[in-house]
1. When you go through (1) surrounded by 10 or more Cβ atoms within 10 Å (Cβ to Cβ); (2) at pLDDT below 95 one by one for Leu25, which number turns out not to apply?
2. Out of (1) assigned to a loop (DSSP other than H, G, I, E, B); (2) surrounded by 10 or more Cβ atoms within 10 Å (Cβ to Cβ), what's the single condition that is false for Gly11?
3. Show the residue pairs that are 6+ apart or on different chains and have beta-carbon atoms under 8 Å apart, the first residue being within the stretch 12-39 and farther than 14 Å from Met1 by Cβ, the second being outside any helix (DSSP H, G or I).
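The values are calculated or read from the model by the stated rules, or taken from the named source; none is laboratory data. Not measured: the values here are computed from a predicted model. Cβ atoms come from the backbone with ideal geometry, glycine included; neighbour counts cover every protein chain shown.
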Amino acid sequence: MTFLEWQNHRGTSLEAVYRNKYKHLRKLAKAKIEHRQEEYWGE
């Protein structure tokens, strides 16, 4: 959803805002996935 918001606002003054939201959520999701994989393989 955030990716689509960013793409829909390309070329506008709000592009940077939506791009930063997307980058933040992408980074957060990656960290959670890596943490969960460590828990899974550590069991």
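1. Of the numbered conditions (1) surrounded by 10 or more Cβ atoms within 10 Å (Cβ to Cβ); (2) at pLDDT below 95, the odd one out for Leu25 is (2).
2. Against the list (1) assigned to a loop (DSSP other than H, G, I, E, B); (2) surrounded by 10 or more Cβ atoms within 10 Å (Cβ to Cβ), Gly11 comes up short only on (2).
3. Within 8 Å, the pairs are Glu15/His9; Val17/His9.
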